[in-house]
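Colleague: I have a structure here, written as structure tokens, and I will follow up with some questions on it.
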Amino acid sequence: MPGGRRKQRVSMADVAKLAGVSSQTVSRVANGQAGVVESTREQVLAAMRELGYRPNSAARSLRYGRFNTLGVILFGLSSTGNSRTVEAIATHAAAEGYATTLIPVGVPTQDNVLGAFTRMGELAVDGVIVIIEVHLLDAATVALPPGAHVVVVDSDAGERYPVVDTDQADGARQAVRHLLGLGHATVWHIAGPAESYSAERRALAWRTVLEEAGREVPTVGRGDWSAESGYRAGLELPASCTAVFVANDQMALGVLRALNSLGRRVPEDVSVVGFDDIPDASSYQPPLTTVHQDFAEVGRRCVEALLEQIGSGAAAPGTDLVPTHLVVRGSTSAPRR
């Protein structure tokens, strides 16, 4: 401004004076409240636009006890599932008129979790969604602050918290049954990290289906969700392997590369099934048969459950499972005779 003076903030009284109404009327319009004649509302809105008035959201939040912001505490953004779940949460929160604040936690310990919740309190959020892939809440290693509005994703803590998750076990069952149904004698498995709740549920379902079918249960391979770890595990698959269920699509990509380097064709020599159905899965060579996870629905249910909790002030523990389905593409076929 000329002379180095700062521009004075436009006040509600300035809008009221220009519109020829009371400050209370301006307040009702600014907060979207009923009880204002439409012509008066338009008159106030026109004055706001002319003066460049912006409602003081902080003051309004303190007055009504709502901040219209949801927090997300996240243990790692590197995995496809976590990043797509965060995207879905932000999208659905915005559709409900809420902003999203994200706090990543590098090392999931009790102190770090409590620190993240403290930070969320400083940022003034109405509720928190915790995306926690590793076994923490499940084993009571970490407890969330009592009284907080919270929804947990990807956990086995439904007895204590509201949990939203993909039906990991059913997805794995569909994958293994598909391969057995094609005529494969058994199915090898390359699992995710041992500390991962999702990896454990998928591996347990794989083993259960084989045992129920009276089939041999091979030794489990292990990766860290990355394509490189899938490649290393793929190199260890025995020559007798004709079918493999891989715990995620990125590792499955590594397995395809490993089989190719070994001169083994997919699906003629080995059938491969992944998990996630990432956008690139249909562009793999060959296109990948995989279990589809509906990350958008997981995000929607998280936001819906948290807003219901904020509105009622009460939380109902339990697990809400989002269904999965198998997408069959070119990476699976009957074994060669």
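The values are calculated or read from the model by the stated rules, or taken from the named source; none is laboratory data. Only a predicted model underlies this, so the values are computations on that prediction, with no experimental measurement involved. Positions of Cβ are backbone-derived with ideal geometry, glycine not excepted, and every protein chain shown enters the neighbour counts. Areas reflect the complete protein model, heavy atoms only, side chains present, ligands, DNA and RNA absent. Shrake-Rupley method; radii C 1.70, N 1.55, O 1.52, S 1.80 Å.
Colleague: Applying the selection to region 88-111, what residues are buried (at least 16 other Cβ atoms within 10 Å of the Cβ) and modelled with pLDDT of 75 or more? Show your work before the answer.
Modeller: From region 88-111, those buried (at least 16 other Cβ atoms within 10 Å of the Cβ) are 88-90, 92-93, 98, 100-101, 103, 105, 108; that's our starting set.
A88, I89, A90, H92, A93, Y98, T100, T101, I103, V105 - these are the residues of region 88-111 that are buried (at least 16 other Cβ atoms within 10 Å of the Cβ) and modelled with pLDDT of 75 or more.
Colleague: Something else now. Within region 238-275, work out how many residues are within 18 Å of P193 (Cα to Cα) and open to solvent by 10 Å² or more (accessible area, probe 1.4 Å).
Modeller: Residues meeting the conditions: 2.
Colleague: One residue is enough: does region 271-282 have a residue meeting the conditions of a type in the set (A, V, I, L, M), part of a loop (DSSP other than H, G, I, E, B) and closer than 17 Å to H184 by Cβ?
Modeller: No; the residues of region 271-282 include none that is of a type in the set (A, V, I, L, M), part of a loop (DSSP other than H, G, I, E, B) and closer than 17 Å to H184 by Cβ.
Colleague: Considering only residues that are crowded, with 18+ Cβ neighbours inside 10 Å, over 25 Å from S83 (Cα atoms) and among the hydrophobic types (A, V, I, L, M, F, W, C), which ones fall in region 211-237?
Modeller: Scanning region 211-237 gives a single hit, L237.
Colleague: Could you list all residues from region 172-205 that are within 23 Å of the chain's Cα centre (by Cα) and charged (D, E, K, R)?
Modeller: R173, E195, E200, R201, R202
Colleague: Taking the condition open to solvent by 20 Å² or more (accessible area, probe 1.4 Å), within 25 Å of T69 (Cα to Cα) and in a helix (DSSP H, G or I), does R300 pass? Show your work before the answer.
Modeller: On the way: open to solvent by 20 Å² or more (accessible area, probe 1.4 Å): yes; within 25 Å of T69 (Cα to Cα): yes; in a helix (DSSP H, G or I): yes.
Yes, satisfied.
Colleague: Follow-up question, since we're still on this one. So if I check each of W225, W188, which one is touching a Cys at 6+ places or on another chain (Cβ under 7 Å) and touching a residue at least 12 places away in the same chain (Cβ under 8 Å)?
Modeller: Being touching a Cys at 6+ places or on another chain (Cβ under 7 Å) and touching a residue at least 12 places away in the same chain (Cβ under 8 Å) holds for just one of W225, W188, which is W188.
Colleague: I'd like the residue in region 281-297 that is touching a Leu at 6+ places or on another chain (Cβ under 8 Å) and loosely packed, with under 15 Cβ neighbours inside 10 Å and, out of all such residues, is nearest to V125 (Cα to Cα).
Modeller: Checking each candidate, the answer is S282.
The rows are residues; the columns are (1) open to solvent by 30 Å² or more (accessible area, probe 1.4 Å); (2) assigned to a helix (DSSP H, G or I); (3) at pLDDT below 85.
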position: M120; (1), (2), (3): no, yes, yes
position: G147; (1), (2), (3): yes, no, yes
position: V152; (1), (2), (3): no, no, no
position: D165; (1), (2), (3): no, no, no
position: H178; (1), (2), (3): yes, yes, no
position: H189; (1), (2), (3): no, no, no
position: A194; (1), (2), (3): yes, no, no
position: E200; (1), (2), (3): yes, yes, no
